[in-house]
Amino acid sequence: MSAPFAFRPEAQGLLVVDMQNDFVREGAPQEVPDARKIVPTIRRLLGAFRGAGRPVFYTRFVAGPRRTLMWAWSPECDDRTRSCWPGVRRRYRDVEGEREGPAVVDELAPRSGDVVIDKYGYSGFFRTPLADALRAHHVEQVVVTGTVTQICVEDTVRGGFHEGFEMVVVRDAVASFDPELHRATLRNLEMKFAVVTTAEEVVALHEAGR
């Protein structure tokens with residue numbers, strides 16, 4: 001199937017979904033090991049977007065301190081483990097010292113001028129100012145990276161679609177703990193909700209425009 005829209009790098013913004021310590025770091029309470037593998041790819045995309053003067057956005061999944069429905073499916077967020085609770089710091093096996101659980105990993109840390117959106121659910125758009133922030137930066141195409149493919153990435157892509165944004169998913173810059181669901185989700189998104197492409201293609205477009 002041909003792509004339903006053409007890439008317009010001058011209208012794109014990069015969205016990094018939930019690349020947080022409590023998901024990405026080794027030994028994290030909700031560890032997604034494959035998320036560490038996509039860090040270099042996301043860094044390359046960050047460099048391309050920043051170099052082209054295009055905006056960068058992050059989402060962070062936040063939990064606690066009170067019980068929500070989310071705890072039923074992610075018990076690591078409860079008041080024993082306190083995964084993704086603001087202010088809760090812990091040690092991880094792949095870095096020295098403590099890190100705050102919901103913070104974006106050091107390797108991808110937001111810079112001044114980047115937009116960081118905290119959310120208490122899966123979608124970056126549900127009851128958050130993300131859509132308004134994208135429009136304020138004149139973004140019409142949202143290039144999505146991050147984790148988890150079939151959970152927060154998928155729900156965010158669907159949310160952006162329903163907000164009227166042209167959604168682009170970078171297949172080699174999203175990660176899951178379940179390869180089968182990862183592949184199936186990308187197939188489903190590509191069929192009805194987004195263009196699925198590679199980091200190489202996105203980077204080349206932005207580097208060509210400098």
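For the condition farther than 30 Å from Arg135 by Cα and surrounded by 13 or more Cβ atoms within 10 Å (Cβ to Cβ), what is the one hit in Thr59, Thr81?
Thr81
State all residues of the stretch 91-138 that are among the polar types (S, T, N, Q) and closer than 19 Å to Arg54 by Cα; if no residue qualifies, say none.
If the condition is that a residue be among the polar types (S, T, N, Q) and closer than 19 Å to Arg54 by Cα, then Ser112 is the only one that fits.
Go through the residues of the stretch 163-170 one by one and say whether even a single one is charged (D, E, K, R) and over 16 Å from Val139 (Cβ atoms).
Checked against the condition, which is being charged (D, E, K, R) and over 16 Å from Val139 (Cβ atoms), the stretch 163-170 yields no hits at all.
What are the residues in the stretch 89-100 that are surrounded by fewer than 19 Cβ atoms within 10 Å (Cβ to Cβ), part of a loop (DSSP other than H, G, I, E, B) and in contact (Cβ under 8 Å) with a residue 24 or more places away in the chain, if any?
Arg93, Asp94, Val95
Going residue by residue through the stretch 18-30, is there one that turns out to be on the phi > 0 side of the Ramachandran plot, buried (at least 20 other Cβ atoms within 10 Å of the Cβ), of a type outside the set (Gly, Ala, Ser) and not in a helix (DSSP H, G or I)?
Checked the stretch 18-30: at least one residue is on the phi > 0 side of the Ramachandran plot, buried (at least 20 other Cβ atoms within 10 Å of the Cβ), of a type outside the set (Gly, Ala, Ser) and not in a helix (DSSP H, G or I).
Got a sec? Which of Thr147, Thr185 is of a type outside the set (Asp, Glu), within 17 Å of Met19 (Cβ to Cβ) and buried (at least 20 other Cβ atoms within 10 Å of the Cβ)?
None of the other options fit; the residue is Thr147.
Mind listing just one residue for me: the one in the stretch 32-61 that is within 12 Å of Val202 (Cβ to Cβ) and of a type in the set (Val, Ile, Thr) and, of those, farthest from the chain's Cα centre (by Cα)?
Thr41
What pairs come out if I take residues in the stretch 6-19 that are within 18 Å of Val39 (Cα to Cα) and pair them with residues that are of a type in the set (S, T, N, Q) whose C-beta lies under 6 Å away, six or more apart or interchain?
Val16/Thr145; Val17/Thr59; Val17/Thr156; Asp18/Thr59; Asp18/Thr147
Suppose the filter is crowded, with 20+ Cβ neighbours inside 10 Å, in contact with a Ser or Thr (Cβ under 7 Å, 6 or more places away or on another chain) and not in a loop (DSSP other than H, G, I, E, B); does Asp34 pass it?
no
Determine whether Arg44 is assigned to a helix (DSSP H, G or I), more than 16 Å from Thr147 (Cβ to Cβ) and at pLDDT 95 or above.
It is true that Arg44 is assigned to a helix (DSSP H, G or I), more than 16 Å from Thr147 (Cβ to Cβ) and at pLDDT 95 or above.
Across the stretch 1-17, what is the total count of residues that are assigned to a helix (DSSP H, G or I) and in contact with a helix residue (DSSP H, G or I) (Cβ under 7 Å, 6 or more places away or on another chain)?
1
The values are calculated or read from the model by the stated rules, or taken from the named source; none is laboratory data. Keep in mind the model is a prediction, meaning the values are calculated, not measured. Counting neighbours? That spans all protein chains shown, and the Cβs are built from the backbone with ideal geometry, glycine included.
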